[in-house]
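The values are calculated or read from the model by the stated rules, or taken from the named source; none is laboratory data. On a predicted model such as this, the values are computed, not experimentally measured, just so you know. Positions of Cβ are generated from backbone atoms using ideal geometry, with glycine treated the same way; all protein chains shown enter the neighbour counts.
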Amino acid sequence: MDLRPENFQSVAEIEVAKVAQRDFVVMVAGVFNYLCDTAMTAYGDGSAQDEARAAGAQIRTNSLNNLAELLQEFETNANRNGIQVLWAADAEEACQLVKGLVEKHQVKTISKGKSMISEEIGLNHFLEKEAGVKIYEGDLGEFIVQLRGTLPFHIVGPAINMTVQEIAGVLQQHIDMPYTEVATEIVSYVRTYLRDKFERADMGITGVNQAIASTGSLMLVENEGNIRWVTSAPRVHVALMSIEKVCANFADAFHLLGLLTRNCTGQAITSYVSVLNGPRRAEEVDGPEAMYVVIIDNGRSIAYQDPLLKDALRCIRCGRCGIQCPIYLRIGANPYGWIYPGPIGNVIAPVIMDLDRTRDLYEACTLCGGCQSVCPSGMSHLDIMTHYRQMKVKGDDRFGGTRICIKERSGFKILARGMQNPGLYKAGVKIARRFLNQRSQDGYITQMPGPMSGWFRCRDFPEMPEKTFRQRWQDELQEEARQTADRAVAHPEAAAQNEEG
Amino acid sequence: MKPGNGLLAKRSDLMSKVSLFIPCAVDAVLVSVGESTVRLLARLGFDLQYHEEQTCCGQPVITAGHLDLARDAACRFISIFEEDEVVVSPSGSCVSTIRHDYPRLFEDEPEWQRRAVELGQRVYELSEFLVDVAHIEDVNAHFSGKLAYHKSCHLLRALGIDHQPQTLLKNVHGAELVPMQDDHVCCGFGGQFSIKYPYISEAIVGDKVKNFLASEADLLVLSDPGCLLNIRGYLHRNHPGRQVKHLAEVLAESV
């Protein structure tokens with residue numbers, strides 16, 4: 001299977017047929033939605049929760065509105081803490097910068113904390129190939145996915161779709177684990193295996209949950225302790241962040257932290273929250289000798305110029321939208337063909353990859369709004385996706401969108417003309433009725449060739465009545481309605497009694 | 001609330017006039033939904049008006065991204081309805097188009113935008129109108145059996161309409177409103193989506209129907225023509241005899 005967004009349709013058709021996986025994922029999502037909903041009650045009732053989300057949205061608005069200033073402030077304060085800040089315009093430059101650090105510090109082994117941005121820029125693959133280093137993922141789910149060589153299923157739960165049997169099989173095959181389906185034994189084996197590698201790591205690489213501008217600190221959130229290890233044991237720590245991860249101060253950061261963990265795993269707070277303020281100081285016994293932050297743009301500043309697309313940078317990567325999305329839950333991560341599946345991918349992939357390649361991402365959406373109804377950072381997923389559709393229709397130079405073809409456009413032109421002209425509209429209804437009803441059996445049409453055939457894959461369509469509502473209104477409904485209403489108004493008690501029987 | 005005299009007396013003259021916005025899918029296919037809407041509102045004493053020149057609100061064109069094509073249709077729609085005090089429609093989805101999408105079509109034309117916003121404030125979905133505007137919670141409808149309610153996406157999340165249809169259903173004489181798993185989750189219609197991604201749509205509507213059957217309700221009720229076409233078509237193919245109806249169809253059946 002070639003996992004690229006261009007292949008969305010064919011991959012989705014394969015994935016959706018995996019009924020057992022589908023039912024399992026829908027069930028797991030139900031559990032997580034329940035946990036998250038319950039965790040959100042810490043803020044109070046529904047309206048208090050809305051306020052908490054609105055406050056989160058406001059913090060993100062402030063961060064984005066002052067992005068350049070906050071990033072500069074962060075750099076100044078990080079430098080003061082002894083953290084070196086490097087800037088990368090795109091994935092290639094980011095990878096080269098990290099490669100430079102690997103060479104400078106003569107690194108052989110790298111341990112990693114789970115980081116979406118490192119996946120986005122393809123860092124593991126690049127470093128293993130170009131710098132000849134060994135890289136070990138520290139997050140259990142990410143480690144399993146790394147061994148299996150597939151895309152993470154969910155940004156927070158990378159292996160959440162896998163059964164314990166599948167996980168045991170992967171670990172048996174790749175790291176010689178004696179086969180067991182007991183979760184604690186699996187975790188214990190992987191822990192021993194990874195600790196051995198981690199002890200030898202020269203460099204730790206992580207992402208960043210939030211970079212706090214006022215103090216030049218990094219906040220990292222996790223449950224397994226691997227990030228704590230990766231950021232404190234190796235000689236060098238390299239943290240990767242995309243430009244939008246900056247936050248003004250700790251008050252803002254802690255509010256977002258509360259929303260992040262509650263909407264991510266349904267926890268009030270995760271087992272570990274690390275706040276890093278620089279490399280090891282003279283009097284300290286732990287910590288890296290050198291610490292770097294690589295701030296990566298990778299297409300974001302172009303989106304930032306567009307008032308609507310700027311919104312796509314609000315995301316704090318809690319992943320809540322994914323477990324709300326009826327489409328993602330049925331097809332999984334593979335069809336999205338990239339590391340951000342579900343609503344996040346629909347919103348972010350088009351600005352980073354381009355509108356043509358990602359077309360199915362923003363079109364395979366019913367606009368149900370489940371995603372944005374729970375988003376703690378105030379993202380308007382639907383506006384953004386509709387905007388992409390519009391950009392695609394018109395063609396867009398910035399994001400590689402080719403204008404849609406005339407054939408596709410003409411159908412909508414005809415529809416629009418029908419909306420303008422009641423005569424045409426009525427004629428259109430008449431033609432459609434003749435076309436549909438000739439295939440009708442017992443009041444329903446059960447199949448049809450051509451562009452409408454998709455509808456009939458799993459459902460029928462009722463035949464169109466001989467008279468439209470408008471004709472019925474003219475012929476009898478208008479008069480009936482007038483008489484009924486007159487009776488009801490003139491004799492309300494009689495009408496009421498009559499109705500009460 | 002007591003039906004009859006009490007509720008009729010409460011309405012002002014202004015509110016007794018109702019202009020009907022009948023979506024194209026109802027006009028051409030789901031005619032009984034339009035008919036039920038008329039019978040229900042007439043029975044409650046509303047003076048109904050129907051502008052025969054209305055066509056379609058343009059939602060399919062807007063969601064597909066052809067905003068330029070939708071603009072003229074929106075101007076026409078606004079011109080037809082803007083003199084009306086109250087416009088009522090048996091479709092949450094189409095009401096959401098007028099209320100939320102129209103103003104955005106006119107970002108560069110403040111005068112049209114103002115007209116769109118003002119009209120949007122007076123266009124109501126049927127249950128929203130009955131409960132929030134006319135303050136009618138019991139329409140004297142009758143149904144013997146259990147009802148399940150599907151919370152259509154645009155109704156629930158775009159318009160924030162949730163308790164209104166459920167209140168009306170709870171007050172249906174002889175009926176019991178029963179809970180349904182994932183009642184707030186999309187049915188997989190999504191307009192063009194259902195045709196372009198039929199296999200995904202099938203998986204979603206399949207789960208919706210599974211939850212309906214598990215609820216042991218006799219009838220599934222909803223208030224959007226799109227979901228109705230989708231679920232009705234799926235039931236007819238896969239579970240013949242099982243019923244889904246529009247809220248208006250249920251409420252129009254009087255005691």
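The table for this structure:
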{"item": "Residue check, B:G92 at the interface with another protein chain (Cβ under 9 Å from one of its Cβ atoms), small (G, A, S) and crowded, with 19+ Cβ neighbours inside 10 Å", "result": "no"}
{"item": "Breaking point among (1) facing chain A (nearest Cβ under 8 Å); (2) under 14 Å from A:W473 (Cα atoms), for B:Q49", "result": "(1)"}
{"item": "Matching residues in region A:405-462 - criterion: being within 34 Å of the chain's Cα centre (by Cα) and either in contact (Cβ under 8 Å) with a residue 60 or more places away in the chain or more than 10 Å from every other protein chain (Cβ to nearest Cβ) (or both)", "result": "A:C405, A:I406, A:K407, A:S410, A:G450"}
{"item": "Scan of region B:228-247 for residues that are crowded, with 24+ Cβ neighbours inside 10 Å and more than 10 Å from chain A (Cβ to nearest Cβ), ordered by number", "result": "B:V244, B:H246, B:L247"}
{"item": "Top-ranked residue of region A:312-326 - restricted to ones that are part of a helix (DSSP H, G or I) and buried (at least 24 other Cβ atoms within 10 Å of the Cβ), ranked as nearest to the other protein chains (Cβ to nearest Cβ)", "result": "A:P326"}
{"item": "Residues located in region A:342-364, provided they are away from every other protein chain (no Cβ under 14 Å) and over 23 Å from A:E15 (Cα atoms)", "result": "A:V351, A:I352, A:D354"}
{"item": "Extreme residue, nearest to B:D27 (Cα to Cα), among residues of region A:481-501 that are within 7 Å of chain B (Cβ to nearest Cβ) and at pLDDT 65 or above", "result": "A:A481"}
{"item": "Boolean, B:C57 is more than 7 Å from every other protein chain (Cβ to nearest Cβ), in a loop (DSSP other than H, G, I, E, B), buried (at least 24 other Cβ atoms within 10 Å of the Cβ) and touching a residue at least 40 places away in the same chain (Cβ under 8 Å)", "result": "yes"}
{"item": "Candidates B:D207, B:D132, filtered to the one that is assigned to a helix (DSSP H, G or I), of a type in the set (D, E) and away from chain A (no Cβ under 13 Å)", "result": "B:D132"}
{"item": "Restricting region A:370-401 to residues that are in contact with a Gly (Cβ under 9 Å, 6 or more places away or on another chain) and among the polar types (S, T, N, Q), the residue that is farthest from the other protein chains (Cβ to nearest Cβ)", "result": "A:S377"}
{"item": "Filter pass, B:V131 being farther than 22 Å from B:Q243 by Cβ, over 19 Å from the mean Cα position of the chain (by Cα) and not charged (D, E, K, R)", "result": "no"}
{"item": "From B:I98, B:I78, B:I161, residue being more than 18 Å from B:H246 (Cβ to Cβ), of a type in the set (V, I, T) and crowded, with 23+ Cβ neighbours inside 10 Å", "result": "B:I98"}
{"item": "Residue among A:L329, A:L367 that alone is within 11 Å of another protein chain (Cβ to nearest Cβ), assigned to a loop (DSSP other than H, G, I, E, B) and farther than 23 Å from A:N298 by Cβ", "result": "A:L367"}
{"item": "Subset of region B:202-255 (residues that are within 21 Å of A:P462 (Cα to Cα), of a type outside the set (A, V, I, L, M) and in contact with a His (Cβ under 8 Å, 6 or more places away or on another chain))", "result": "B:K208, B:F212, B:S223, B:D224, B:P225, B:C227"}
{"item": "Enumeration of residues in region B:83-113 that are out of contact with any helix residue (DSSP H, G or I) (no Cβ under 9 Å at 6 or more places or on another chain) and in a helix (DSSP H, G or I)", "result": "B:P110, B:E111"}
{"item": "From the options A:M40, A:M1, residue that is of a type outside the set (V, I, T), modelled with pLDDT under 95 and more than 18 Å from the chain's Cα centre (by Cα)", "result": "A:M1"}
{"item": "Test: B:F212 is part of a helix (DSSP H, G or I) and free of Cβ contacts under 8 Å to residues at least 24 places away in the same chain", "result": "no"}
{"item": "Pair list, Cβ < 6 Å and 6+ apart or interchain, from region B:21-32 residues that are more than 7 Å from chain A (Cβ to nearest Cβ) to residues that are at pLDDT 95 or above", "result": "B:F21/B:V87; B:F21/B:S89; B:P23/B:S91; B:P23/B:C94; B:P23/B:P225; B:A25/B:P225; B:L30/B:P225"}
{"item": "Residue within region B:81-95 that is in contact with a Leu (Cβ under 6 Å, 6 or more places away or on another chain), in the same structural domain as B:C57 (by TED's automatic domain parsing) and modelled with pLDDT under 95 present", "result": "yes"}
{"item": "Positions within region B:173-202 being surrounded by fewer than 24 Cβ atoms within 10 Å (Cβ to Cβ), over 21 Å from the mean Cα position of the chain (by Cα) and assigned to a helix (DSSP H, G or I), in sequence order", "result": "B:I195, B:K196, B:P198, B:Y199, B:E202"}
{"item": "Flag for A:G423 being surrounded by fewer than 19 Cβ atoms within 10 Å (Cβ to Cβ) and either charged (D, E, K, R) or in a helix (DSSP H, G or I) (or both)", "result": "yes"}
{"item": "Qualifying residues in region A:218-228 (those that are assigned to a strand (DSSP E or B) and in contact (Cβ under 8 Å) with a residue 60 or more places away in the chain) - the one farthest from A:R80 (Cα to Cα)", "result": "A:E222"}
{"item": "Spans of helices (runs of 4 or more DSSP H) in region A:5-117 with at least 1 residues away from chain B (no Cβ under 14 Å)", "result": "A:19-40, A:46-65, A:67-80, A:91-104"}
{"item": "Top-ranked residue in region B:117-135 [being touching a Leu at 6+ places or on another chain (Cβ under 7 Å) and surrounded by 24 or more Cβ atoms within 10 Å (Cβ to Cβ); ranked as nearest to B:G58 (Cα to Cα)]", "result": "B:E125"}
{"item": "Identity of the residue in region B:33-46, facing chain A (nearest Cβ under 8 Å) and farther than 19 Å from B:E85 by Cβ, that ends up surrounded by the fewest Cβ atoms within 10 Å (Cβ to Cβ)", "result": "B:R39"}
{"item": "Some residue of region A:192-208 being surrounded by fewer than 15 Cβ atoms within 10 Å (Cβ to Cβ), under 27 Å from the mean Cα position of the chain (by Cα) and modelled with pLDDT under 95", "result": "no"}
{"item": "Given (1) closer than 22 Å to B:V29 by Cβ; (2) part of a helix (DSSP H, G or I), number of the condition B:I78 does not satisfy", "result": "(1)"}
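Yes/no matrix, rows are residues, columns are (1) free of Cβ contacts under 8 Å to residues at least 24 places away in the same chain; (2) over 18 Å from the mean Cα position of the chain (by Cα); (3) not assigned by TED's automatic domain parsing to the domain that holds A:R195:
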position	(1), (2), (3)
A:V230	no, yes, no
A:R235	no, yes, no
A:E244	no, no, no
A:F254	yes, yes, no
A:N277	no, yes, no
A:V294	no, yes, no
